[in-house]
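First the structure, in the form of structure tokens, and then the observations on it.
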Amino acid sequence: MKRTTTRRDVVKGLAASAILAPAVFAESRARAALPDLPNLPESEALLLRPQDAQFAAFQPAFNARVMVTPELRALCKTQNAVAVVLDWSRTNNLGFALRSGGHCYEGLSESASVVVDTRMINQITVDNAKHTVTVGSGATLGAIYRKTGALGFAIPAGSCPTVGVSGHVLGGGYGFLGRPLGLACDSLQAVSLIDPHGQAVEADAQQHPDLFWACRGGGGGSFGAATSFRFQMHAVPQVATFGISWLLPPARAARIFKTWQAWAPQAPNPINALFRFSRHANGNLDLRCFGQSTGSVSQLKRELKALSSNPDIKVMSFFASVNHFAGPDGWTFQSVTMKGKSDYVMTPLGDDGILALMEGVATRSGITVICDPYGGAIGATAPDASAFAHRAGTLYCIQYASVWSGGNDARHLEDMASLYAAMRPFMTGAAYVNYCEVDLADWPNAYWGSNLPRLKQIKAAFDPDNVFRHALSIPLA
């Protein structure tokens with residue numbers, strides 16, 4: 001039986017999830033002897049140095065290309081531990097990074113000095129009466145899905161089970177439930193943070209509403225260290241998954257893509273149909289349209305007729321769909337060598353743009369493109385309702401991903417850069433912060449657009465000394 005091509009296949013060498021979410025990074029410093037470590041019992045934190053026996057087990061990050069070994073990894077188990085380690089780092093003028101899931105494309109959760117690691121703050125508590133779920137900042141999406149799925153509920157978030165919730169939701173959080181239910185940040189009700197002074201802050205629509213606004217799409221690591229999130233749960237008793245595959249030369253592939261482009265962003269809200277393609281060994285393009293619907297099977301079949309008269313449709317629980325798309329090894333954290341970039345498409349690509357994209361992938365080995373359709377509930381939210389600005393008028397997001405082994409980093413990076421350059425005449429320059437890239441020239445406007453001025457004001461008010469900073473954090477006004 002043919003297995004559905006999934007985002008996990010990207011991680012394994014062809015593509016990477018929509019849904020991968022960056023953690024956060026702060027400046028590192030030259031290696032030097034650390035001052036006396038914070039006075040924390042093991043019940044609150046594991047303070048690990050490179051020479052410690054447990055250190056290596058916690059070192060791997062998603063992108064091995066940008067991994068850094070810290071002088072101290074502080075595996076915090078409580079909110080108090082996060083506050084103590086941050087205050088110690090600030091007082092001693094130590095650079096630090098914040099890590100939850102560690103899936104950041106550019107290693108922004110890495111530091112050569114101190115890493116404040118919250119993956120042990122991973123409690124998940126469901127309030128059945130209010131249909132909410134409160135999760136620690138170190139919880140993974142898969143663990144949240146398992147807990148909520150057992151009750152017939154879900155939150156709209158990414159497809160990769162090992163991604164940490166923190167960076168994912170702070171950057172927006174796209175997933176298969178995006179078109180029917182919105183982004184992960186759209187279901188966020190409250191967030192707990194440790195501020196630049198080491199104090200706990202609760203932010204929601206009533207308390208610190210500006211900070212709460214910024215935490216819904218402003219990206220991780222600019223305002224504080226998140227320790228927990230509360231989400232509205234949604235009843236999702238079952239979904240219908242689907243997949244359609246082709247193996248075509250670029251010109252014919254372009255016609256299929258043009259049909260998808262005209263349909264997927266405008267499809268009924270329950271349907272989320274992604275489009276993935278990469279170079280096949282024979283020089284053609286391996287294409288797949290796949291996704292899921294929260295609506296009826298009859299509606300899904302009717303809508304997919306433009307692409308196929310016989311799509312592979314399966315009805316299952318939402319949690320079963322998580323396993324379906326993750327694949328057999330989807331619950332195992334993987335560390336790979338990769339590079340990613342992104343674009344937002346605001347007006348349909350013309351024939352020239354589509355052919356440039358298809359031929360660009362067909363002539364460069366190892367690059368996969370995934371197109372995530374927007375519209376639906378994502379576009380129905382006003383662009384200034386949260387820090388995530390790419391709403392109405394956004395057709396889809398393009399993710400360019402390259403995963404390789406055996407070295408030759410320079411060649412793979414050059415191939416990615418040349419494909420990206422070839423697409424500049426057809427793109428607006430807007431990009432998704434959760435597919436972060438340190439070589440993006442005007443990244444503040446690319447990520448936040450018209451919301452950037454307000455984000456700068458909130459940054460200046462909440463963190464005027466820029467304690468929480470990294471290569472792609474909100475710049476001070």
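Here are a few things to note about the model shown:
- Checking each residue of the range 83-92 against the condition of being in contact (Cβ under 8 Å) with a residue 60 or more places away in the chain and surrounded by 24 or more Cβ atoms within 10 Å (Cβ to Cβ) gives at least one match.
- For first residues located in the range 253-267 and in the same structural domain as Ile354 (by TED's automatic domain parsing) and among the polar types (S, T, N, Q), partners that are modelled with pLDDT of 95 or more and in a helix (DSSP H, G or I) and lie 6+ apart or on another chain with Cβ distances below 8 Å form the pairs Gln261/Ile354.
- So Ile367, is it crowded, with 23+ Cβ neighbours inside 10 Å, outside the structural domain of Gly220 (by TED's automatic domain parsing), touching a residue at least 60 places away in the same chain (Cβ under 8 Å) and farther than 20 Å from Phe257 by Cβ: no
- Filter result for Val11 (at pLDDT 95 or above, within 19 Å of Tyr432 (Cβ to Cβ) and either β-branched (Val, Ile, Thr) or surrounded by fewer than 22 Cβ atoms within 10 Å (Cβ to Cβ) (or both)): no
- Looking only at the range 370-381, and only at residues there that are out of contact with any Ser or Thr (no Cβ under 7 Å at 6 or more places or on another chain) and outside any loop (DSSP other than H, G, I, E, B), the one that is surrounded by the fewest Cβ atoms within 10 Å (Cβ to Cβ): Ala380
- Among the residues of the range 312-354, those that are of a type in the set (Phe, Trp, Tyr), outside any strand (DSSP E or B) and touching a Ser or Thr at 6+ places or on another chain (Cβ under 6 Å) comprise Phe325, Phe333.
- Residue in the range 206-219 that is assigned to a strand (DSSP E or B) and not hydrophobic (A, V, I, L, M, F, W, C) present: no
- Checked against the criterion of being outside the structural domain of Arg411 (by TED's automatic domain parsing), of a type in the set (Val, Ile, Thr) and under 26 Å from the mean Cα position of the chain (by Cα), the candidates Val84, Val66 yield just one match: Val66.
- The residues of the range 436-452 that are farther than 15 Å from Ala389 by Cβ and of a type outside the set (Val, Ile, Thr), listed by number, are Cys436, Glu437, Asp439, Leu440, Ala441.
- Within the range 181-208, no residue that is in the same structural domain as Ala225 (by TED's automatic domain parsing) sits with its Cβ atom under 8 Å from a residue that is crowded, with 24+ Cβ neighbours inside 10 Å and acidic (Asp, Glu) at 6+ positions apart or across chains.
- Filter result for the condition that a residue is of a type in the set (Val, Ile, Thr), touching a strand residue (DSSP E or B) at 6+ places or on another chain (Cβ under 6 Å) and in a helix (DSSP H, G or I), over Thr162, Thr148: Thr148
- Per-region count, the range 93-110, residues assigned to a loop (DSSP other than H, G, I, E, B) and under 20 Å from the mean Cα position of the chain (by Cα): 11
The values are calculated or read from the model by the stated rules, or taken from the named source; none is laboratory data. Everything numeric in this text was worked out from a predicted model, so none of it was measured. Don't worry about glycine lacking a Cβ; one is built from the backbone with ideal geometry, like all the others, and counts go over all protein chains shown.
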